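Worksheet: one structure, shown below.
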Amino acid sequence: MSIAIVIPAAGASKRMGGRDKLLEVVDGEALLRRGAKRALAVTGQVIIALPDRSDRRDVIADLAVTIAEVRDPSEGIAASIRAGVACVADTTTGIMIVPADMPGLDADSLSMVIQHFEKNQEITRATDQNGVAGHPVVFPIALKDALLDLTGDQGARAILKGRSVELVPLDADHATLDLDTPEDWQKWRARQDNA
C-alpha cells in the first residue's frame with residue numbers, strides 16, 4: 001500500500017486580519033510545519049501545495065516534502081488540490097487530502113483513516129465524535145483524474161456525491177476543527193490552556 005498525503009496550503013488566510021494562520025505557532029512550531037511532520041510520520045510521500053514566493057516555504061524547507069506550485073491560488077482550494085494531486089505517482093494506491101489548518105489532526109488520526117482505507121479501498125472520510133463528516137479524506141488512485149478536474153472553492157465535495165464513503169470516527173472534534181479567524185485561534189488556545 002502506498003498513500004500520498006496532499007496538504008493544500010495556498011489559501012490567503014483572508015479572515016485572519018493580516019496574520020497567516022499557517023504560520024501560527026502550535027506546540028512551538030508553525031502550524032504548517034507541525035502538520036507536515038505529522039504527515040511524514042505516516043508516509044514518505046507528502047506533497048504541500050503552495051503559491052510561488054510564500055513565506056510558508058521557509059518553515060518546511062528542511063523537511064522531505066514535495067512542493068507543488070499553485071499558479072492560481074485565488075481560484076480557491078481546488079487549485080491547491082489539483083497542483084498537489086498532479087505530483088502524485090500513479091503507482092500510489094490512495095490520495096489523502098489533509099487541510100493545513102486543522103491542529104487536532106495528529107499522526108495517529110491519519111494512520112487510523114489510512115488503515116480503514118487499506119481494508120476496503122473505497123473513499124474513506126474521518127468524522128468527529130458526533131458523526132459529523134470532516135477531514136482527512138482518502139481517495140482511491142482511480143479518482144485521480146476526477147481530483148485533477150476540480151474547480152472553484154468547494155474542495156472535493158462533488159466527487160463524494162453519489163459514491164460509497166467509509167466513515168471513520170476520530171476523537172473529539174479533531175476531524176472538524178479548523179481555525180480560520182483570530183477569534184477561532186483565541187478560543188482554541190484558551191481551550192488548550194484549560195485542558
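Summary table below
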| read-out | value |
| --- | --- |
| DSSP bridge orientation in segment 54-183 - percent antiparallel, rounded to nearest 5 | 60 |
| Ellipticity estimate at 222 nm from DSSP helix runs (n ≥ 4, -39,500 (n - 2.57)) divided over the chain, nearest 500 | -8500 deg cm²/dmol |
| Linear extension gain, A41 paired with D149, 0.36 nm per residue minus alpha-carbon span | 36.0 nm |
| Convex hull projection area averaged over all views, the chain, Cα basis, nm² | 10.4 |
| Amide H contacts under 5 Å for I123, placed H, 5+ residues apart | E166 |
| Under 27 Å, Cα to Cα: Lys pairs in the chain, sequence gap 8 or more or different chains | 10 |
| Accessible area of segment 85-186 belonging to carbon and sulfur atoms, whole % at 1.4 Å probe | 46 |
| Gain upon complete extension [S2, L63; 0.36 nm per residue less C-alpha separation] | 20.0 nm |
| Using θ = phi - 60° and Karplus 6.51 cos²θ - 1.76 cosθ + 1.60, couplings along segment 178-186 (whole Hz; Gly, Pro as x) | 10, 10, 10, 10, x, 5, 4, 5, 4 |
| Potential extension, D173-N120 segment - 0.36 nm per residue separation minus Cα distance | 16.6 nm |
| Within segment 14-115, trypsin sites (Lys or Arg not before Pro) in DSSP loop having at most 16 other beta-carbon neighbours inside 10 Å | R19, R53, R71 |
| Spacing of the two label points (7 Å from each Cα toward its C-beta) at R189 and D55, in nm | 1.5 |
| Residues of segment 99-195: accessible area per residue with a 1.4 Å probe, Å² | 53 |
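The values are calculated or read from the model by the stated rules, or taken from the named source; none is laboratory data. As the structure is a prediction and not an experimental result, all values here were calculated from the model. Neighbour counts run over all protein chains shown; Cβ positions are idealised from the backbone, glycine included. These accessible areas exclude ligands, DNA and RNA; they are computed on the full protein's heavy atoms, side chains included. Shrake-Rupley method; radii C 1.70, N 1.55, O 1.52, S 1.80 Å.
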